[in-house]
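Peer 1: One structure, pasted below without further comment.
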Amino acid sequence: MANYLLRRLLIAIPSLLGISVILFVVLALAPGDPFGELTTNPAIPPEVRANLRASLGLDDPIHLRYISWLTAMMKGDWGYSFVSRIPVDQLILQRLPTTLAVIGISQIVALAIALPVGVYAATRPYSIFDQVANTLAFVGFSLPTFFTGLVFILIFSITLDWLPFVYRTGIDASGWRWWWEQFRQSIMPIMVLGLFQGATWTRFVRSAVLDVIRLDYVTTARSKGLTEGTVTMKHVVRNAMIPVVTLVALQMPAVFGGAIVTEQIFRVPGIGSLLITSILANDTPVIMAVTFVFAALVIFFNLLADILYGWLDPRISYS
Amino acid sequence: MTEDELRSLIGRVKRGTLSRRGFVKRVAAVGLTAPMATQLLAVTGAAPAAAQSMPAYRPTRRGGGGPLKILYWQAATLLNPHFANGSTNQEAARIFYEPLAGWAADGTLVPILAAEIPSREAGTLAADGKSVTWKLKQGVTWHDGTPFTADDVVFNWEYARNPANATVTSGSYKDINVVKVDAHTVRVEFQKPTPFWADAFVATRGMLIPKHLFQNFAGANSRDAPTNLRPVGTGPYRFVSFAPGDLLRGELNPNYHRENRPYFDTIEIKGGGDAVSAARAVLQTADFDFAWNLQVEEEVLARLEASGRGKVNVVDSGNIEFIQLNVTDPNTEVDGERSSIRTTHPAFSDPAVRQAMNFLCDKNSLQQFIYGRAGKATPNFLNNPPRYRSEAMRSEFSIQKANEVLDAAGWVRGRDGIRAKGNVRLRFVYQTSVNAPRQRTQALIKQAAQRAGIDLELKSVVATVFFSSDVANPDTYPKFYADMQMYTTTMTEADPQTFMNQYVSWEVSQKSNNWQGRNVLRFRNEEYDRVFREADGEMDPVKRTAQLIRLNDIVCGSHHIIPLLSRPNVSGQINAMRTNLSGWDNYHWMIADWYKEA
């Protein structure tokens, strides 16, 4: 096991290096520069722009820039944002709590919908419940989040005037009122993301359970006289969960990455909106850091999924 | 009306034999607008130069107004005005930092940290135009209690011009000299007579930072100053917290130097999202009190406004959406450069073709159907302040006239309906940035051109590329590798001198200056260069106004540019809000005067 882990971790290093090289080159080749707005401003002489570029090291050749980025990253220095002049890690840390709260809860909501609905639908295939659940799931993952987001705003903010559609991090309240305000402003983005994810996962859970429930050992378990609940929970679900775990584990990096579209609609200051504004502003250090963290998380959760297999299914062994 | 006649009329107003109202009436009869007439009086000293159009401020005590919530659809990322690239950052910094004076909506100066506006009468403006003396307001303190003095003003000059700091304000400070006269007086000295003396320490680029907090961070370590993100200024609100790209919060400054101000107890600027939903959050749901720069289609804006909770503000500015007809040939390469000034455009070198193109732009339809309140059809490149607006230019939409002009010049239709003369065909590439109203404008003009036998090939470039200074990219607007292009050029101060340098021959954008020159059109005209130089050193305001108007007439009269729409600033606020906005300064230039009607 330890051997396996070590091997996997060693393989991860060249992949991460490769990813960082590709990211860096693509960003360096992309058109535009961080001072686009300055070019149209008559009051700013060209030498000021040249000076700014030089002060940020933008005029150095690309390999030098990459090497200096890499050595700094190794030392734990993530660099400075071009546009806000503060350390990138600080910028990301500022966004992390909101991202984790909103996106994290939405994933929990999605699981809370997908698992019971999917399993129940699979144990009674083609029943009314299954048909309704299937239809709703289909509708749910066919509608893009930007559409449901706008529909929610139209209904709950504009027509009914119940919920605010601008997410504010600085709520002037404490105690219960704070929680209540927080709930009011988070519920729409959470539900938009949760329902979309939940719909996708429901169909996946259902088909995974359906695959297992027809197998002979399930019939055996039933014939032993076990209750239906025990059969489903202990024998069916545990085995059916293996592919689901992969899917959920691979989805976890997305929690940190945020949800770009939904964050933009509701103005949630998450990592997704940080990424998109950085891309629009050509803020290379921030884009590099966010995408790199993202890549590292994908690799890490892949590994985690593999290890979880072993725990769920003892037949899989890594020694 | 000639300059002499004008001058004698102004003389009569000064002597008191003609009332100001009588003056306005007389000059209106010959076509000068009323604002232009009052401005003429102001610049010649026949009436006070300071603003007279400031809205009344009603609150009778400081504070008690609750929170002020502002929504920006782009978010501030840093709070040092000398590093503020982009208007969002300037706006955010303006809450805490103030300049010596700001520009009011009518293009006149209002003292903020200055005790008064320098003038010839007070002897603070040198007759030779080589220096200006600013008297500072007494008793002003920074948010940390330290008094504001002339040392701070001098420090800002040193800070901004220091190349190691790479400030975006350096253009306003690098060629001047600043001397401390006494604790509350500074003198700005210019190398040559400078009629436009109100640039340094004024408005957007004049916001002042405290010496005692920045003096240890001037130079290579300027980016590390903690106060870059935690401002300590003199403004009406004190800093509370800041999350770059998201939220900025401030609270009332109890020691603010103007009485009964500010009205609000706290201030909050939320950033991010898009313009339409920002308009909605103010006009329709009233969740926020003010939203900035509402670039939203008129139809949508009018519908949101119909819900009756907020209204749209339209404030005139000098920004203009216009088309350039390339002077040079974009399809011939000379020494690795297209659109080189050693070539001439095969079709646009004929004045008839340029004139025809001018006849084909239906500006009124653009205003009516596309831009609405956010664009006013205009025949002029220089539109504001009104005192600089030319009355000589006319524009007309007429496909018939375009056809006549082209027929007369010998451009005949070929079998495909496209006109040609010799081996030159009227087929042009027309480029602009990706932006819905611009693509609709392109389509409208293409349609009209087709009916006059001109074929336009439409091209749209992503804004981040089009408006970049990327030397390697052929699609940026300074390269102008197309026959025609369209964009908005901005006028950042109430004086047109810098704005009009876009057509002087030494600013031509070309390979030798890395396409950094401001003259993107590559327009070269001896008279233009000469009049521009004259205006640059002309100390007589009336003469100078006439010269600047002449510059507009030369370039517009050449038909190498087609001014389309003057673009006012559009913002939204809830019904109870009372703001004071100006097209010549930041939206927040007078935020101390904002209040809510009970």
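Peer 1: Treating each Cα of the stretch B:273-348 as an identical point scatterer and ignoring solvent, apply the Debye formula and state log10 I(q)/I(0) at q = 0.14, 0.22 Å⁻¹.
Peer 2: Log10 I(q)/I(0), no solvent term: -0.59, -0.94.
Peer 1: Here's another thing I want to ask about it. From the P(r) of the stretch B:458-598, can you give the percent of Cα pairs sitting at distances over 19 Å?
Peer 2: Value for the stretch B:458-598 (Cα pairs over 19 Å): 64 percent.
Peer 1: OK, next. How much length is gained if the chain between A:LEU304 and A:GLN90 is pulled fully straight, taking 0.36 nm per residue apart and subtracting their Cα-Cα distance, in nm to one decimal?
Peer 2: Computed gain between A:LEU304 and A:GLN90 is 74.3 nm.
Peer 1: Please get the size of the charge dipole for chain A, origin at its Cα centre, with Cβ charges of +1 on Lys and Arg and -1 on Asp and Glu, quoted in debye to the nearest 20. Spell out each step's value before the answer.
Peer 2: On the way: 21 positive and 18 negative charges, 192 e Å.
Computed about the Cα centre, the dipole is about 920 debye.
Peer 1: Using only Cα atoms, figure out Rg for chain B and give it as a multiple of 2.2 N^0.38 Å.
Peer 2: Details: Rg = 25.1 Å, N = 598, 2.2 N^0.38 = 25.0 Å.
Compared with the compact-globule rule of thumb, chain B sits at 1.00.
Peer 1: Lysines near B:LYS270 by alpha-carbon distance under 23 Å, same-chain residues fewer than 8 away left out - which ones?
Peer 2: The reachable lysines, counting only those whose Cα sits under 23 Å from B:LYS270, are B:LYS69, B:LYS311, B:LYS596.
Peer 1: Also, I was wondering about something else. I need the calculated FRET efficiency for the pair B:GLN215 and A:ALA72, taking r as the beta carbon distance and R₀ as 30 Å, to the nearest 0.05.
Peer 2: It comes out at approximately 0.55.
Peer 1: If you count, for every residue in B:216-225, the Cβ atoms of partner chains within 10 Å of its Cβ, what is the mean?
Peer 2: On the way: counts 0, 0, 0, 0, 1, 0, 2, 5, 3, 1.
What the average comes to for B:216-225 is 1.
Peer 1: Just add up the charged neighbours of A:VAL290: K/R +1, D/E -1, any other residue whose Cβ is under 14 Å from the Cβ of A:VAL290.
Peer 2: That sum, taken over residues with Cβ under 14 Å, equals -2.
Peer 1: So, in nm, how far is label B:VAL300 from label A:ASN3 when the simple model puts each one 7 Å beyond its Cα toward the Cβ?
Peer 2: 6.2
Peer 1: With each pseudo-label sitting 7 Å past Cα toward Cβ, what's the B:LYS543-B:ASN513 distance in nm, one decimal?
Peer 2: Spacing of the two 7 Å Cα→Cβ label points: 2.7 nm.
Peer 1: So, one more: Under the definition of Cα pairs under 8 Å and six or more residues apart, what whole-number percent is the relative contact order of chain B?
Peer 2: Here the relative contact order equals 18 percent.
Peer 1: Would you calculate a helix-derived [θ] at 222 nm for chain B, using -39,500 (n - 2.57) for each DSSP H run of n ≥ 4 and dividing by the full residue count, to the nearest 500?
Peer 2: Values: 16 runs with 146 residues, N = 598.
That comes out to -7000 deg cm²/dmol.
Peer 1: Taking a quarter of the surface of the Cα convex hull of the protein assembly as shown, what do you get in nm²?
Peer 2: Its Cα hull, projected and averaged over all orientations, spans 46.4 nm².
Peer 1: Lysines near B:LYS421 by alpha-carbon distance under 28 Å, same-chain residues fewer than 8 away left out - which ones?
Peer 2: Cα-Cα hits under 28 Å: B:LYS401, B:LYS446, B:LYS459, B:LYS479.
Peer 1: Further question: Please give the average number of partner chain Cβ atoms lying within 10 Å of the Cβ of each residue in B:274-280, rounded to a whole number.
Peer 2: 3
Peer 1: Under a Cβ-Cβ cut-off of 11 Å, what is the net charge of the residues other than A:ASN239 that fall near it, where Lys and Arg count +1 and Asp and Glu count -1?
Peer 2: Local net charge: +1.
Peer 1: Under unit Cβ charges (Lys, Arg +1; Asp, Glu -1), what dipole magnitude, rounded to 20 debye, does the protein assembly as shown have relative to its Cα centre? Don't skip to the end; give the middle numbers.
Peer 2: On the way: 90 positive and 80 negative charges, 238 e Å.
Rounded to the nearest 20 debye, it is 1140 debye.
Peer 1: Now a separate question. Distance between Cα centroids, the stretch B:181-210 to the stretch B:303-348: provide it in whole Å.
Peer 2: Taking the Cα centre of each part, the stretch B:181-210 and the stretch B:303-348 sit 33 Å apart.
Peer 1: Among A:LEU215, B:ALA122, B:TRP73, pick out the residue whose Cα is farthest towards the positive end of the charge dipole of the protein assembly as shown, where Lys and Arg carry +1 and Asp and Glu carry -1 on C-beta, about the Cα centre.
Peer 2: A:LEU215
Peer 1: Largest first and in whole Å, give the semi-axes of the stretch B:147-283's equivalent ellipsoid, each being the square root of 5 times a Cα gyration tensor eigenvalue.
Peer 2: After diagonalising the Cα gyration tensor, the semi-axes are 30, 19, 17 Å.
Peer 1: Cα centroid distance between the stretch A:186-239 and the stretch B:556-598, in Å?
Peer 2: For the stretch A:186-239 versus the stretch B:556-598, the Cα centre distance is 59 Å.
Peer 1: Let me ask another. Could I get the Rg over Rh figure for the stretch B:424-520? Both from C-alpha atoms, Rh via Kirkwood, rounded to two places.
Peer 2: Reported Rg/Rh (Cα atoms, Kirkwood Rh): 1.01.
Peer 1: Same structure again: Under 18 Å from the 7 Å Cα→Cβ point of A:ASP161, by amide nitrogen: which residues of the stretch B:564-583?
Peer 2: From the stretch B:564-583, the list is B:573-577.
Peer 1: Report the local net charge at B:LEU301: Lys and Arg +1, Asp and Glu -1, summed over other residues whose C-beta lies under 11 Å from its C-beta.
Peer 2: 0
Peer 1: While we're here: Multiplying the sequence separation of B:ARG61 and B:SER19 by 0.36 nm and subtracting their Cα-Cα distance, what value in nm do you get?
Peer 2: Details: separation 42, 0.36 × 42 = 15.12 nm, distance 3.81 nm.
Extra length from B:ARG61 to B:SER19 when fully extended: 11.3 nm.
Peer 1: Per-residue mean of other chain beta-carbon atoms within 10 angstrom of the beta-carbon, peptide B:167-176?
Peer 2: 4
Peer 1: Just tell me which lysines come within less than 26 Å, Cα to Cα, of B:LYS135; anything on the same chain fewer than 8 places away is out.
Peer 2: Leaving aside lysines fewer than 8 places away in the same chain, those within reach of B:LYS135 are B:LYS174, B:LYS180, B:LYS192, B:LYS211.
Peer 1: State log₁₀ I(q)/I(0) for chain A at q = 0.10 Å⁻¹ as given by the Debye formula over alpha-carbon point scatterers of equal weight, solvent excluded.
Peer 2: The calculated log intensity ratios at q = 0.10 Å⁻¹ are -0.77.
Peer 1: Okay, next question. Over 22 Å, how big is the tail of the calculated P(r) for the stretch B:317-475, in percent of all Cα pairs?
Peer 2: The calculated P(r) of the stretch B:317-475 puts 50 percent of pairs beyond 22 Å.
Read the figures in this text as sums done on the coordinates, not as results from a lab. Quantities reported herein were computed from a predicted structural model and do not represent experimental measurements. Here Cβ is always computed from backbone atoms with ideal geometry, including for glycine, and neighbour counts include all displayed protein chains.
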